[in-house]
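Single-structure report; data block below.
Read-outs throughout are calculated quantities, based only on the coordinates presented, and are distinct from any laboratory measurement. These numbers were taken from a predicted model, which means no experiment stands behind them. We place every Cβ from the backbone using ideal geometry, glycine too, and count neighbours over all the protein chains shown.
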C-alpha cells in the first residue's frame with residue numbers, strides 16, 4: 001500500500017450566489033445548527049427547494065458542498081471510500097462523506113431513505129457528539145473537521161414501512177420542515193427562475209395549486225415548484241401555454257389517461 005488519493009475540494013465551492021428566497025426561519029436555524037455542529041434533516045415534498053436551500057447555505061458559509069443522491073444499491077463503501085490500484089500501487093480514495101468530513105465541507109445526502117439501512121448506519125458516529133467516521137478498511141477513525149456539516153433530506157410523502165428513517169437515525173438531527181412557498185412568493189420565484197412575466201407566473205402557480213388539490217385523489221404528488229419553473233421556461237421560449245403545461249407538468253405527474261385529461265382540463269381553465 002502506498003499513500004492515499006484525495007480529491008481536492010475546490011471544485012465543490014459555489015462561486016456565485018444561488019437564488020433562494022426564505023419562506024420562514026430556515027436560514028437562521030441552519031446557521032445556529034452549523035455553529036453548534038449539529039447535523040440537519042430537511043423534510044418536504046419533491047421540488048420544493050430543499051437542494052437549492054443547501055446550495056445557498058453552502059455559498060453563504062463558504063464551505064465546499066458534496067451532494068450524494070442516495071439509492072438502494074449504494075453501499076457504505078461508496079460513502080466512506082475504497083482501495084484502488086493506481087500505477088501499480090494500492091492507494092486509498094476517500095468517498096464523498098469522508099472527503100467532506102476531512103476537508104470541512106457540507107455533505108448533503110439527498111433522499112436518505114432510499115439508501116439501505118446498513119448503509120445509513122455509517123453516518124451515526126458523525127451525527128452525534130463523537131463526529132467521527134469509522135474507516136474500517138483502513139482501520140482508522142476519521143475525526144471530522146470543525147467546519148464539517150452533515151445534511152440529509154427526504155420526502156415524508158413517500159414514507160412506508162420499508163422506506164422510513166429509523167428513530168435511531170432521525171433523533172440525531174435538527175429537523176427543518178419545507179413545503180411549497182405561499183402563492184405570491186412562489187410566483188416571484190417562478191418568474192425569476194424562468195424569465196416569464198409575473199402575471200404569467202401567477203397563472204402557473206394557480207394551475208399548480210389545482211393539481212396539488214388532486215394529491216390523494218389519483219395523484220401521488222401535485223406539480224412542484226420545480227415543474228412550474230420548467231413550464232415557465234418553455235413559455236419563455238414561445239411554447240403555447242397548454243402545450244408547455246402538458247409537457248412539463250401533466251406528462252410528468254401521471255401516465256393515467258383519465259387523470260391526464262383531468263389535469264389538462266384544469267390547465268385550459270387557467271390558460
Can you tell me the orientation of helix 257-270 relative to the chain, as the angle in degrees between its alpha-carbon axis and the longest Cα principal axis, to the nearest 10?
70
Roughly what % of DSSP beta bridges within the chain run antiparallel, to the nearest 5?
35
Sort 195-202, 251-258 for me by packing, meaning the mean count of neighbouring Cβ atoms within 10 Å per residue, highest on top.
195-202, 251-258
In the calculated pair distance distribution of segment 1-154, what percentage of Cα-Cα distances lie above 21 Å?
45
So for the chain, what percent of the C-alpha to C-alpha distances run longer than 27 Å?
47
In whole angstrom, the spacing between the Cα centers of segment 117-195 and segment 37-96 equals 10
If one compares the long axis through the Cα atoms of helix 26-35 with the longest principal axis of the Cα atoms of the chain, the angle in degrees, nearest 10, works out at 0
Relative to the longest principal axis of the C-alpha atoms of the chain, give the angle of the C-alpha long axis of helix 198-212, reported between 0 and 90° and rounded to the nearest 10°.
80
The chain - percent relative contact order, Cα under 8 Å, separation 6 or more:
20
Using only the alpha carbon atoms of segment 142-222, find the Kirkwood hydrodynamic radius as the inverse mean reciprocal pair distance, in angstroms to one decimal.
16.1
Normalise the Cα radius of gyration of segment 183-270 by 2.2 N^0.38 Å (N = residues in it) and let me know the number.
0.98
Taking the Cα atoms of segment 70-177, report the difference between the largest and smallest coordinate on each principal axis, in whole Å and largest first.
48, 30, 19
Students often check this: by mean Cβ neighbours within 10 Å, which of 260-269, 17-26 ranks highest, and how do the rest follow?
260-269, 17-26
